[in-house]
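Down below is the structure, laid out as structure tokens.
Read the figures in this text as sums done on the coordinates, not as results from a lab. Everything quoted here is computed from the prediction, not taken from an experiment. Because the Cβ atoms are built from the backbone with ideal geometry, glycine has one as well, and the counts that use them run over all protein chains shown.
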Amino acid sequence: MKKNPYIDKNGQAWPYGEFFGDGFCKFAYNNSNANRFFPKARQEALDLGYTWNDEAEHQPDATISGSELPETIEEVDESILKEIISCTTCERKYKIASLEFDLLRKMNIPLPAQCLKCRENSRFNKINMPGLYDRVCMKCGINIRTPFSPDRTETIYCEKCYQGKFL
Ligand SMILES: [Zn+2]
Ligand SMILES: [Zn+2]
């Protein structure tokens with residue numbers, strides 16, 4: 001018979017069926033996606049028991065700037081794999097990996113002029129932030145909360161009307 005909650009050697013209780021504690025996270029808060037959705041200052045994160053990465057990123061010297069990259073992939077050969085490219089937005093350095101180069105060539109996509117972080121940021125800026133909005137069921141008119149913001153075009157039903165329609 002397993003003990004529930006399990007108490008570890010530090011006296012920390014781990015109830016069955018609950019999420020793992022923050023101590024399980026191997027990523028510093030400022031390196032994790034949690035910081036994108038719930039941004040916290042360094043001290044605030046440390047006070048909550050998260051770790052914080054203060055290490056300065058090692059940046060090699062660039063051999064080429066992102067703005068000097070050719071506009072089409074046909075104009076580039078394998079020698080690009082040796083280049084250290086500097087991002088046109090933040091100047092962080094990045095390289096093109098061999099498999100990435102093969103894929104870009106296959107899909108006829110030009111080399112990225114931005115670093116991985118900037119590309120990640122621009123993708124993130126396009127997604128909807130999680131949240132609930134107060135809206136009205138479009139069938140019976142009761143107040144509901146939904147992740148669909150008022151400017152969305154989808155038809156929004158309360159649970160009862162939704163189940164009446166689809167079940
Ligand atoms: Zn960048
Ligand atoms: Zn309804």
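Some values worked out for this structure:
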quantity	calculated
Failed condition for Asn35, given (1) of a type outside the set (Gly, Ala, Ser); (2) exposed (fewer than 13 other Cβ atoms within 10 Å of the Cβ); (3) assigned to a helix (DSSP H, G or I)	(2)
Unique residue being touching a strand residue (DSSP E or B) at 6+ places or on another chain (Cβ under 9 Å) and closer than 28 Å to Asp61 by Cβ when the list is Leu99, Leu111, Leu132, Leu103	Leu111
